[in-house]
1. Does TYR178 fit the bill of being surrounded by fewer than 16 Cβ atoms within 10 Å (Cβ to Cβ) and within 14 Å of VAL47 (Cα to Cα)?
2. In the range 141-163, what count of residues is obtained for those that are under 11 Å from VAL47 (Cβ atoms) and either hydrophobic (A, V, I, L, M, F, W, C) or open to solvent by 80 Å² or more (accessible area, probe 1.4 Å) (or both)?
3. Only residues in the range 55-83 that are farther than 23 Å from THR141 by Cβ count as the first member; pair them with residues that are β-branched (Val, Ile, Thr), Cβ under 6 angstrom, at least 6 apart or cross-chain, and list the lot.
4. Mind listing whichever residues of the range 89-104 are touching a strand residue (DSSP E or B) at 6+ places or on another chain (Cβ under 8 Å), of a type outside the set (Asp, Glu) and farther than 15 Å from GLU140 by Cα?
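The values are calculated or read from the model by the stated rules, or taken from the named source; none is laboratory data. The shown structure was predicted, so the numbers you read here are calculated from the model rather than taken from an experiment. Cβ atoms come from the backbone with ideal geometry, glycine included; neighbour counts cover every protein chain shown. Ligands, DNA and RNA are stripped out before the accessible areas are found, and what is left, the full protein with its side chains, is counted by its heavy atoms. Shrake-Rupley method; radii C 1.70, N 1.55, O 1.52, S 1.80 Å.
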Amino acid sequence: MPPERINAPADVAGSNMQKFFEKICRIAGYKIFIAETYLMPLALLAVRIYVGLVFWRSGQTKFANLDSARQLFEFEYIPLWQENRVLSFWGFDIPFPVPDASFAAVSATGVELLCAVLLIIGFGTRAAAFGILILAITIETFIYPHTVEHHYWVLLMSLVIAGGAGKISADYFIRRQYMKGSIETCAMPEKKAA
């Protein structure tokens, strides 16, 4: 016959603690499930709409009157670019070329409009976010340095590039509809048995 346990209250306390931690883990699991399933797609949609509308409005303003957009580039943006075109990296001065005002006005307008639409509907989202990211970095570097809003755009577009469009997007629908397997099984070759 095995000897009786002397520290039975400690075992009860230990099992109570284990039950407590299991309950905490279960609650945390539900919260993570809700956050990943419902809140993250809404947050990504909000990010895409926010940044997309900023660039859509900017593109619409330029597109409504391309002549004034060219003048804006010629008399404000290009002179600012010329002032900030030489950047120093690790002690080296690197000059960047200054684009033609007409080319810059038309291309910036096109990129703003196209990338904004793609970003909002979530089609080709990572490419659209990359286009807006490059545009935001260009504005921050050469036109209006040290503007906090540009930093937000860069951070938000980096989030979309890394995380994708989320479940509320055309990309997600296309992937679910036409790519029946997961991305990992499409991209990873099968391992051969040794």
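1. no
2. Matching residues across the range 141-163 total 7.
3. The qualifying pairs are PHE63/THR109.
4. Within the range 89-104, the first condition is being touching a strand residue (DSSP E or B) at 6+ places or on another chain (Cβ under 8 Å), and the residues that meet it are 93-96.
In the following step, the residues that additionally are of a type outside the set (Asp, Glu) were identified as 94-96.
Within the range 89-104, ILE94, PRO95 meet the criteria.
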